[in-house]
Structures are given as C-alpha cells and as structure tokens.
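Each remark here refers to the structure printed beneath this line.
The values are calculated or read from the model by the stated rules, or taken from the named source; none is laboratory data. On a predicted model such as this, the values are computed, not experimentally measured, just so you know. All Cβ positions, even for glycine, are placed from backbone atoms using ideal geometry, and neighbour counts span all protein chains on display. Areas reflect the complete protein model, heavy atoms only, side chains present, ligands, DNA and RNA absent. Shrake-Rupley method; radii C 1.70, N 1.55, O 1.52, S 1.80 Å.
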Amino acid sequence: MSTELESTRRALRDAIAQAEHAAELARLLDAAQARLAEAERSTEEAKALAERLAEAEELLEDERAAAEKLRKDLAEQRYQAEVANWKLSSIKVARWNRLGDAIRSGKSNPVLLAKGLKGAAKPVKRPSAPKRRPVAVQRAKDERPGAAYQATTSTRTLGGHSFKLKPYRIPTGPNTRPHLTAAVVADPHAEALLRYEWRQTTGFTPRDFARVLPQEVPHLLVVESVRSGPWAEEITGEPGDGLRALLAWCAERGIRTVFWHTGGDVAPYRAAAGLFEHRFSTDPATGWPRLSFGVQPRVHNPVPLSGGRIDRVLTLDQLLPGHLTYPDVLTSYRWPAAVDCPPGTPPWRLAELAACGTPIGDEPDSRRAHAALRRAYDGGTMTERIDDLLEAIGLPSARATLEVSLLLPVLDRFLLEHALAQVARQSVRPAQLIVFGPPEAEQRARDVMPGTEVLFRHLDPSLSAGAMLGRGLDLCEADLVGVMDPRDVYGIHYLADLRRAFLFSTADIVGKAAYYAHLRKPQATLLKRPEAEYSYLPEVAGATLLARRNTLRQLGFADLTEGWDDVLMRQCRADGVKVFSADRFGYVRVRDEDRWLLGAAHLVEYGSAEPHALI
C-alpha cells in the first residue's frame, strides 16, 4: 500500500511539475506573441524612419557630390592659373624675348646694348611645367571623444627582446555632461582626463580661435599651465596679445574663464592667471582653490588588453620609456604582471596604475591590486573633480546618478536576519529597498536601514520569485536596480564595486560570472571562472544582478522561482543587451551542496570562502 501511495504521490508531483512547465511555456508563448506584435509595429515605424533616413542620406550625398565638384573645379582653376603663370615665366626667360628686351633698353646706348645682347645669349633654365595633383578626399570628422586619439606604438622592448602588444582601444564616449561645452587648452595628459566630462573643443590657436570657437560657443574656457604648444608663450611671463584677445572674446559672451595650474613653479604663470575669472591649482601652496588630478574611469579602468599581461614585474622606467604618447601609456599600464614604483612617484601616476588593475609592488597580488583599485577610485574621479569646479564657478553640474533600488525576496523567514545584515553592511547604501518577506520583515528592515526608503510587500504563496521581482521592479525609482539572494554572503564593498563598472563599461547589465562559492556539506570553497573578470559575456549570476532600470523593465522577469536569471540572460542575448562581468571579489554563493558547481569551478580549499572573497 505504501509503495502504491508513494507512486501516486510521485505521479502527482510529476503531473504538477509538468503543469507548471506547461503554464510557463504558455506564459512565455503569450509574451512572445506580444513581443512579436510589438516587433511588427516597431518594424513599420522602423520602415518609415528608414525611408526618411534614406531621403536625408540622398540629400546629404547630393550635397557632398556638389561640394566635391566645387572642390574639383577649384583645383582645376588653380591648375590652369599655375599653367598660365608657367607660360608667362617661360616667355620671360625665352632667348628671343630677352634679345628683344636688350634691344629696346639699349637702342640709344651702344655699351648697354652690347651688355644686354651678351646676357641674352647666355642659356637660362626654363621653369618646370606644373602637374595636376590628385584632389584629396575629405572625410567627415568624428567628434566623439577619443575618436582620433588612439595608441600608435604596439611594440615594447625589454632586455633586447621585442614584445608585440594589441593597443588598448581608447573609448569614444559617452560624455558625462553632453549639455555642456568647454574650450580647453591643455597638455595631452590633462586633455585625456577632461575629454569625457563635457563636449570639448581643442586645437584652436591664438590666431584662429575667433574662427573656431563660434562654431560651437563654449560655456567655459579652461586653460592649463601648458609647457609647450602655441599657447605656452601666451601664458608665461607677460601675457600675450592672443591670450588677452581670447579672454576679451569670452568676456563679451559671458563665457566663464578658468586657469588650472598643474605643476612646476607657479611664478611664470601668475600674471596670466590673474586675467582669468577663476584660478585653481594642484598645489595648495599657491593659495588658489585646489583642483587635483583624478582617475578618469573611461580610460583608467581594469578592462584588460586582449593579449593579457606579460608574466613579468617591471620598473616604472621599463614600463614608461619617455617616447610614449599618452594613449600608449594607457596601453602600457595594462601590460605587466606588476610594477615596482620608486619612492617619489607622483600620487596621480600611482592612482592611474592602480585604477587599471595593475599590482604595484615587487610581485603580483590580485587581492592587493583590487584593494588599491578601490582606493584609487575612492580618492576621487575626474567627474567628481569637475563637479567641484562647476559648483565653484557657478555652472550646473547635472549628470546621471548611480543610485540603486535593491530587490530582496526573502522566501524563508529563517534567512531574514542574515539577508538584512548583508544589505545593512554595504558601504554604499541603496536609495530604495524593496523587501518581500514575512510580516516581521517590514519593521526589521526599517530598523536596520535608517535613512533608506523601505517598501514592504507580504509573501504571496501563489507567486514565484520571478513574479515577485517583477512586481518589485514596478516600485523601483533609482537609475539602477539590483537583486540580492538571502542565502548568499555579500561583502561590505560589494555594491560599490559592482556599481563602479557602469563608470567604464557600456553594458546595461553588470554582475559576476567569476565568483567564489562555499558548499556547506563538504566544507569546500570553490572559484568559478576566474578568467571571466572584466569582460563582456553572455551571462552573469542572477544573485549578483545590477541593471539599468529601463533596460530591466523592457526585459522583465520570468515567472519562475529557480532559473529566472537563465531566462533573463537568454533574453539579453536575443535582444543584443550588453552584459558585463565585473571582479570576482565581494560575493560568496552559499549552498549546502551543488553538483553542477563542483564540476564547473576550481577547488580553492576546504574551509571558509570569506577570507578569499571578502576584501
């Protein structure tokens, strides 16, 4: 009887599972049909836009063709003018013409006539005929920051051996403040730090600024204490006429002017700096407000070279020979296993190296490198420096934030305290916490998260975890939305580290494909996919999900308790949504046992995972 009862129960469980599977398939089918209908509407809109785009492109092509014809006609006219000048020059040096000139000038003076005839008899080299030159093809200038600012040196030499590198590709955006335009005079290093903070105009000179700057009138002018280039003589010693004219031009238009002293003796620049409305310096001894270098997340980040790192520790002199341009410096930063920096290395150089994930010291150490990277960013980014600058000169610094709404479904009341402790310990507090849990979870969440907006919803036994996440998503208001699993362990810097990836990646979803795990029954600590750090991948773990709110709303959550993240990642691949895997640290997946994980990860040791994962 017990055997038959057990068989009946098993059959019922299988039937229920099949029914749930069929219901999920039906839901997915309905969703697919709705998406198909939406796609058809989008197709019609895209078709109309494509037609309008084709018309615009046709008009643009006609304009380009007309401009090209004018350029060719102008080149032909120049050539014909050169031919006419050549013919005239040829006539002037022809013997018969020179004889005629001698006879005319010496007809009343026999001595002068004799000299003239003698000179005309000497051979004279005739000028070379002009040649048609090909008309250069003009290409549209790419205005994106970094578009024409790429590494050029791909070979490095160590101990007589050459190493071929694939250069780090300088990103072409996005801009932090696309509404703001700045005219900037700066050395390559400072220009690289500033170019992503606003729309930036550079390359103008004392002779042509009145022609260049009106093409996009800037909101402010920033002049660094440059050591070379056309502006160096204008700002050292007695201010030049070109600088005075530029500042007068800005004053007429209400454009704020800023002088930024970045190094060396300030004395040669004081006279010129006194003409600016605002003065800043990296050296507080000047008495001016301080504006230090900060890391620029767009270029100072741990995204690796495609060929990886060389297995060597280099000195700073070996790493950065004097001939490198700054884009090549950014390639070199990512090349060695570690860099041994001498005492007296400028703090900004150490910060840039650390922000690129390069260990600083006499041996590689990934944990120490990650802690140094965190300190480099905590020391201040260029975006934060420009916030201070704009506030000081009275311009708005509106830009996107990285505030987080956090979804926390607590399906097991025994995990409530652990789950809330993981959120409360975060160094960057979420702006919103949406909790699904037992009744006591509401007050406990408010107690442990003072100052954070807490929204509570009771557990609904009829809802899957994915359905609850979907309802919670409708309540989220911050730019980013994260999901945490109450079973797992999250380090104090977990959210801050994960959020940082949005500063330098172009992904809409960030998480961890590389992470530590701990299995309680065998007491095993595992490391999954360490090679997946800092890379764009098809998927990340759902318990580490941090996504842009609008993207996540378009994707939605599958109505599943287990596997909702797998469905989400499949949708990302289908829709072309970029997913980025951050570092391996700050998170531990905790389960009693997991055969799949045992077969897919590396065994680190038998013991706790936290000493390895939490920094």
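Label positions at Asp592 and Gln443, each projected 7 Å from the Cα along the C-beta direction, are separated by 3.2 nm. Modelled spin labels at Ala600 and Ala400, positioned 7 Å past Cα toward Cβ, are 2.9 nm from each other.
The order of Glu391, Glu82 by accessible area, most exposed first and with a 1.4 Å probe, is Glu391, Glu82.
Only protein heavy atoms count here; under a 1.4 Å probe, Ile103 has an accessible surface of about 90 Å². Here Ser427 and Ala81 are evaluated by their C-beta separation; at R0 = 60 Å the FRET efficiency comes out at 0.25. Of the heavy-atom accessible surface of segment 214-350 (probe 1.4 angstrom), what whole percent is carbon and sulfur? Reported share for carbon and sulfur atoms: 51 percent. Backbone amide hydrogens, once placed in the peptide plane, bring Ser535 within less than 5 Å of Ser581, excluding anything fewer than 5 places away on its chain. Applying 1/(1 + (r/R0)^6) with R0 = 22 Å to the Cβ-Cβ distance of Val313 and His161 gives a FRET efficiency near 0.90.
Using the heavy atoms of the protein chains and a 1.4 angstrom probe, tell me the accessible area per residue for segment 291-355 in square angstrom. Don't skip to the answer; put the middle values down first.
Details: 2410 Å² over 65 residues.
It amounts to 37 Å² per residue over segment 291-355.
Accessible surface for segment 507-615, divided over its residues, is 44 Å² per residue with a 1.4 Å probe. Charged side chains reduced to their Cβ positions (Lys and Arg at +1, Asp and Glu at -1) give segment 415-515 a dipole of some 240 debye around its Cα centre.
Each Lys or Arg adds one and each Asp or Glu takes one away; over the other residues whose Cβ falls under 14 Å from the Cβ of Arg367, this sums to -2.
Using packing as a proxy for protection, rank 367-374, 571-578 so that the peptide with the highest average count of other Cβ atoms within 10 Å comes first.
367-374, 571-578
Normalised by the number of residues in segment 224-381, the average gap of Cα pairs under 8 Å and 6 or more apart makes the relative contact order 17 percent.
How much solvent-accessible surface does Trp564 expose, in Å² to the nearest 10, with a 1.4 Å probe and all protein chains in place? The value for Trp564 is about 30 Å². Got a number for the accessible area of Thr325? Probe 1.4 Å, square angstrom, nearest 10. Thr325 exposes around 60 Å² with every protein chain in place. When His612, His300 are compared by accessible area at a 1.4 angstrom probe, the order from most to least is His612, His300. One compactness figure for segment 366-456 is 1.46, namely its Cα radius of gyration divided by 2.2 N^0.38 Å.
Solvent-accessible area per residue for segment 155-252 at a 1.4 Å probe radius, Å²?
For segment 155-252, the solvent-accessible area averages 46 Å² per residue.
Computed in the context of the full set of protein chains, the accessible area of segment 536-615 at 1.4 Å probe radius has 46% of its extent on carbon or sulfur. Accessible area ranking (1.4 Å probe, heavy atoms, ligands and nucleic acids excluded), largest first, for His493, His261: His493, His261. A Förster radius of 22 Å, combined with the Cβ-Cβ distance separating Glu417 from Glu453, puts the computed FRET efficiency at roughly 0.60.
Between Asp283 and Ala337, the simple label model (points 7 Å from Cα in the Cβ direction) yields a spacing of 4.0 nm.
Assuming a ≥ b ≥ c are the square roots of the Cα gyration tensor eigenvalues, decide whether segment 157-265 counts as rounded (a/c under 1.5), prolate (otherwise, with a/b larger than b/c) or oblate. Oblate is the answer for segment 157-265, as a/c is 1.5 or above yet b/c matches or exceeds a/b.
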